[in-house]
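Report on the structure given below.
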Amino acid sequence: MAHTLVLLLVAVSTLAITHACWPPSSKPKSCSNNCQWSAWRSGSCSSPCGVSGRQRKTRTKVQRGTCASSKCSGTQTTYVSCRTPCAARPLFGSLKGKCSDLDIVSRSEWRARKPRKESRIGLPVDKLFIHHTVTPTCHNKYMCSARMRTMQSGHMDDKGYWDLGYNYLVGSDGKAYKGRGWGYEGGHTIGHNRDAVAISAIGNFETTRPDRAVLQAIANLIDCALKEGALSPDFKMYGHRDVACKDCPGKYLYNYVKASSHYSSVKMPKWCHKKWNY
Ligand SMILES: [Zn+2]
């Protein structure tokens, strides 16, 4: 009986070591499969090695070790951790993002007009708003570029904005189209044009379901924003409708926003005056 108990204790302690969080004091508090996403921008797996149960107790005092070829190095008094990249984290709905897979269409490529004015904002920001453009979708660069020019004229000439309001847009051709770019005050979300960035999907997703290409482009673009330091690693994602009396980004696209691990269900004040209702 005592022998069985010892075996059980050994098994439990081995399990605990295998799933130890690193660094112990950082967020998130829990981890599964040794993946800690908030600790590193790109996400990484931590597989503790060469650590005894006794050393684990002193883990707050020790420093990160190094790992080469999956072998531990470091002194006995150092908590050594082997870090290997994890599979990419889902960034939008259940989709994983990969910036290097994204084709970004520059302003000169879609033949943008010059902005009337620009104002820089500090990066990274910790909020991302998802919008839709309430226009027909577009499925190739030619059509999407035309859509971009029409929207820019609408925003600048009819609404009096400095430029097209969004930081970036994505089309059903799977490409991203540069709007104001990260780091510039937007004209997208009343109350949050200086403390957030916005991605808008070209289409009306209140009436149409977004296709895979547009969803993947959003996920890839979010990965770019993280890699380029535009968004903080623990950013919160919202739909425009979370802060405005609007359908935006449409019920079908909003379902993906809500399914995202970065979605924040914390209620925010809504701007509902007709004057601000864009
Ligand atoms: Zn919107």
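Packing around the peptides 114-121, 165-172, 259-266, taken as the average count of other Cβ atoms within 10 Å per residue, puts them in this order, highest first: 165-172, 259-266, 114-121. Computed over neighbours whose Cβ is under 12 Å from that of residue 155, the net charge equals +2, Lys and Arg +1, Asp and Glu -1. The local environment of residue 92, defined by Cβ-Cβ distances under 14 Å, has a net charge of +3 under the rule Lys, Arg +1 and Asp, Glu -1.
Extents of segment 90-276, largest first, come to 36, 36, 34 Å (Cα atoms, principal axes, whole angstrom).
From the alpha carbon centroid of segment 220-270 to that of segment 103-152 is 17 Å. Residue 259 to residue 123: FRET efficiency via 1/(1 + (r/R0)^6), r the Cβ-Cβ distance, R0 22 Å, to the nearest 0.05? Efficiency, from the Cβ-Cβ distance: 0.25.
Residues whose amide H comes within less than 5 Å of that of residue 132, counting only those at least five positions distant or on another chain, are 201 (H built at 1.01 Å from N in the peptide plane).
Spin-label model, residue 94 to residue 232: label points 7 Å out along the Cα-to-beta-carbon direction sit 3.0 nm apart.
No lab work stands behind these numbers, since they all come straight from the coordinates. Worth saying up front: this structure is predicted, and the values here are computed from it rather than measured. Because the Cβ atoms are built from the backbone with ideal geometry, glycine has one as well, and the counts that use them run over all protein chains shown.
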